[in-house]
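The values are calculated or read from the model by the stated rules, or taken from the named source; none is laboratory data. The model shown is predicted, which means the values in this text are computed figures rather than measured ones. As a convention, Cβ positions derive from the backbone with ideal geometry for all residues, glycine included, and neighbour counts pool all protein chains shown.
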Amino acid sequence: MSRCSLTPWLLTWLMLLCQSGCCFLDSLIVASSFRHVHHYINKSNLDQGYCERKRKLSSFGGWRLSSEKFTATLPIDPIEKNYIREVQDSIFSVVYPIPFKSRVLLVAVSKEVLEDILDLDVSVSDTEDFLQLVSGGKIVLGSLPLAHRYGGHQFGSWAGQLGDGRAHLIGVYTNRFGDKWELQLKGSGRTPYSRNGDGRAVLRSSVREFLGSEAMHHLGIPTSRAASLVVSDDDVWRDQFYNGDIKKERGAIVLRVAKSWFRIGSLEILTHSGELDLLRILLDLVIEHFPSISMNDSNRYLAFFSRVVSETADLIALWMSVGFAHGVCNTDNFSLLSITIDYGPFGFMDSYDPDFVPNLSDDERRYKMGNQANVGMFNLNKLLQALNPLLDPRQKQLASQTLEGYPDQYYKRFTELFKAKLGLLGSGDEDGYLIAFLLKLMEDVKADFTMTFRQLSEISLDHLKDFSISEEFWALQDIAKHKLFSSWVAMYLLRLQRNAGDSESDRKRRMSSINPRYVLRNWMADSAIQKAERNDFSEVRFLLQVLQHPFKIQTVAERAGYAQRPPAWAKEIRVSCSS
Ligand code: AMP
Ligand code: MG
């Protein structure tokens, strides 16, 4: 009997068992034909622990995950065995996480994700069931874990089948607001898509993803979220800098959540292999995330493309507005919902530098900060190629025109965001020039990106006018060394005078609410990682706390030097694709 045919029978049997009351939380072991023994978290005691007032659950009783959205509508890979292979005619393979052999330790949780998205009181994270769930040891009864088949263009070339090589979609959670969130473990073992990989993720990269994605959310940037981070004592071997120095590291897993994990590469692989019926089915599923697009509209693929074009332009402009470089903008890492996904060797730049490349492995500097918008265009073009077989000639022409509009959309959004960063209201002909002028000065003197904007938000205009810039405004002191800074300030002050109905305090408040004081700089992440590798996770948790309020001055963060000039050793930090 194949696993797929076995599964519904098995689940029905298990559910009956639960309903009959003879189900104990830790007593269910489902081995049978599955390669790995798996416990299930049961759904008994449906009302136990349910806190009506807070609408948060203090146990897993009543907490459900389902994979039905995918298993009921999409063809599932019929091969049950988990071995590396090319998969055809399927969007997902059923594949179970591979639990670690050693003990697992919960490093950190995002209380907000647990409580606001997953309806779980944070106290649930103290339970063994939680640890089992987030480390791939248990699967919630009723949900089948899935690995997604996708392809992608990596560093400009078609790479063929990629897929979830170390991630498992453990189910979809529908929360109290009716929002559906897809839960995915990353680092949870090999799948048919693992290619040469071991299916694991190491602690350092998992800390970075956990903190990076939460930090981005709190900066107001669309992103996947991170619910938890666990580490094991399982050995994972990595050549971190690709120099032959292979070191033993520890395996870790992040539980990430997103409204959807589908990427440009999810569609590309179907077009490349001529699976056009499946392409249509998947597209319709993705389009459900865009309620303004009618499923009966014969132009819906066109409308969808147009949305992705404008939302990608938005997303990349937002990245630029906080000095974020993704690092690996391959089409398999570009979400169809235009959220930031697949955090790898990303970086928030310290000094402003359009040539900033966060990823040591990016020899061509393809994904440098200043090239992200162009890469967005390249990726959207690949999306259009994937959609092309479903478009008629007129739609193709309109889609090409939409794509041609991308640079303008990007530039418009970029300008809006930077105008807001400078506190400008209304519009002035010179606004674009004012922004470009400042960025050029910043580039010349290697001014700190985050703190230049932040300190412009905090300084009084009188002080700026007189150049009485005190020590605390260290980033402005740096840029003030540029011989053209005074010309820029003169222009800036004139322009601010044209802000209708503005006041100094309003301007400061407005600017301080969008120019962060704290971003996850590499040195901050690195310091937390170094401690984490010595089993001290306090700094990971501390950073999470701080980065949840990036716009608010926090005494503890100030004391930690997070708004200070980065330490000299920050320049030595290297981040590679190895994760
Ligand atoms: P990334 O650039 O990290 O998003 O990964 C690109 C592709 O490589 C995806 O298909 C991943 O699933 C796969 N991959 C990366 N690392 C591993 C690993 N350690 N084991 C298996 N697959 C991996
Ligand atoms: Mg990826």
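Scoring K247 on the criteria (1) more than 19 Å from L185 (Cα to Cα); (2) buried (at least 22 other Cβ atoms within 10 Å of the Cβ) leaves a single failure, condition (2). Report yes if L520 is outside the structural domain of R204 (by TED's automatic domain parsing), surrounded by 12 or more Cβ atoms within 10 Å (Cβ to Cβ) and under 29 Å from the mean Cα position of the chain (by Cα), otherwise no. Yes. When A159, A201 are checked against the criterion of being surrounded by 21 or more Cβ atoms within 10 Å (Cβ to Cβ), within 30 Å of I246 (Cβ to Cβ) and among the small types (G, A, S), a single residue qualifies: A201.
Scanning the range 299-314 for residues that are within 16 Å of ligand 1 (Cβ to nearest atom), on the phi < 0 side of the Ramachandran plot and touching a Ser or Thr at 6+ places or on another chain (Cβ under 6 Å) turns up nothing. The residue that is surrounded by the most Cβ atoms within 10 Å (Cβ to Cβ), counting only those in the range 455-472 that are in contact (Cβ under 8 Å) with a residue 24 or more places away in the chain and not charged (D, E, K, R), is L456.
Return the residues of the range 478-509 that are surrounded by 17 or more Cβ atoms within 10 Å (Cβ to Cβ) and among the charged types (D, E, K, R); say none if nothing qualifies. Those that are surrounded by 17 or more Cβ atoms within 10 Å (Cβ to Cβ) and among the charged types (D, E, K, R): D478, R495, R507, K508. When the range 346-397 is filtered for residues that are out of contact with any Asp or Glu (no Cβ under 8 Å at 6 or more places or on another chain) and among the acidic types (D, E), the ones remaining, listed by number, are D355, D362, D363, E364, D392.
Checked against (1) buried (at least 23 other Cβ atoms within 10 Å of the Cβ); (2) within 14 Å of ligand 1 (Cβ to nearest atom); (3) of a type outside the set (S, T, N, Q), D234 meets all criteria but (1).
Residues of the range 183-215 that are within 19 Å of G142 (Cα to Cα) and within 16 Å of ligand 1 (Cβ to nearest atom): Q184, L185.
For the range 419-450, a residue qualifies if it is touching a Lys or Arg at 6+ places or on another chain (Cβ under 8 Å) and not in a loop (DSSP other than H, G, I, E, B), and the qualifying residues are A420, D431, L434, I435, V445, D448, T450. When you go through A525, A475, A560 one by one, which is the residue that is of a type in the set (G, A, S) and surrounded by fewer than 20 Cβ atoms within 10 Å (Cβ to Cβ)? One residue alone meets the criteria, A560. Which ones in the range 419-449 are closer than 25 Å to G501 by Cα, touching a residue at least 40 places away in the same chain (Cβ under 8 Å) and among the hydrophobic types (A, V, I, L, M, F, W, C)? Across the range 419-449, the qualifying residues are A420, L422, L424, L425, L434, L438.
Per the conditions (1) of a type in the set (A, V, I, L, M); (2) assigned to a helix (DSSP H, G or I); (3) touching a residue at least 60 places away in the same chain (Cβ under 8 Å); (4) surrounded by 18 or more Cβ atoms within 10 Å (Cβ to Cβ), the sole criterion not satisfied by V375 is (3). Within the range 338-352, the set of residues being within 16 Å of ligand 1 (Cβ to nearest atom) and in contact with a helix residue (DSSP H, G or I) (Cβ under 8 Å, 6 or more places away or on another chain) comprises I339, T340, I341, D342, Y343, G344, F346, G347. Considering the range 377-414 alone, what residues qualify as being touching a helix residue (DSSP H, G or I) at 6+ places or on another chain (Cβ under 6 Å) and within 20 Å of Y352 (Cβ to Cβ)? Within the range 377-414, Y410, R413, F414 meet the criteria. Within this structure, F290 fails the test of being within 16 Å of ligand 2 (Cβ to nearest atom) and either under 26 Å from L65 (Cα atoms) or of a type outside the set (D, E) (or both).
Yes/no matrix, rows are residues, columns are (1) over 20 Å from P145 (Cβ atoms); (2) modelled with pLDDT of 95 or more:
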| position | (1), (2) |
| --- | --- |
| D47 | yes, no |
| Y50 | yes, no |
| F70 | no, yes |
| E80 | no, no |
| R85 | no, yes |
| S123 | yes, yes |
| D126 | yes, yes |
| L131 | no, yes |
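Residues in the range 188-203 that are within 13 Å of ligand 2 (Cβ to nearest atom) and basic (K, R): 1 in all.
Against the numbered list (1) more than 22 Å from S135 (Cα to Cα); (2) crowded, with 17+ Cβ neighbours inside 10 Å; (3) more than 15 Å from ligand 2 (Cβ to nearest atom); (4) of a type outside the set (K, R), F262 comes up short only at (3).
Exactly one residue among L144, L185 is modelled with pLDDT of 95 or more, away from ligand 2 (no atom under 16 Å from the Cβ) and either within 23 Å of E209 (Cα to Cα) or in a loop (DSSP other than H, G, I, E, B) (or both), and that residue is L144. Among the residues of the range 160-171, those identified as outside any loop (DSSP other than H, G, I, E, B) and under 17 Å from the mean Cα position of the chain (by Cα) are A167, H168, L169. Going through (1) among the hydrophobic types (A, V, I, L, M, F, W, C); (2) outside the structural domain of K186 (by TED's automatic domain parsing); (3) in contact with a strand residue (DSSP E or B) (Cβ under 6 Å, 6 or more places away or on another chain) one by one, L255 falls short only on (2). Checking S335 against (1) within 14 Å of ligand 1 (Cβ to nearest atom); (2) over 19 Å from P291 (Cα atoms): exactly one of these is not met. Which one? Failed condition: (2).
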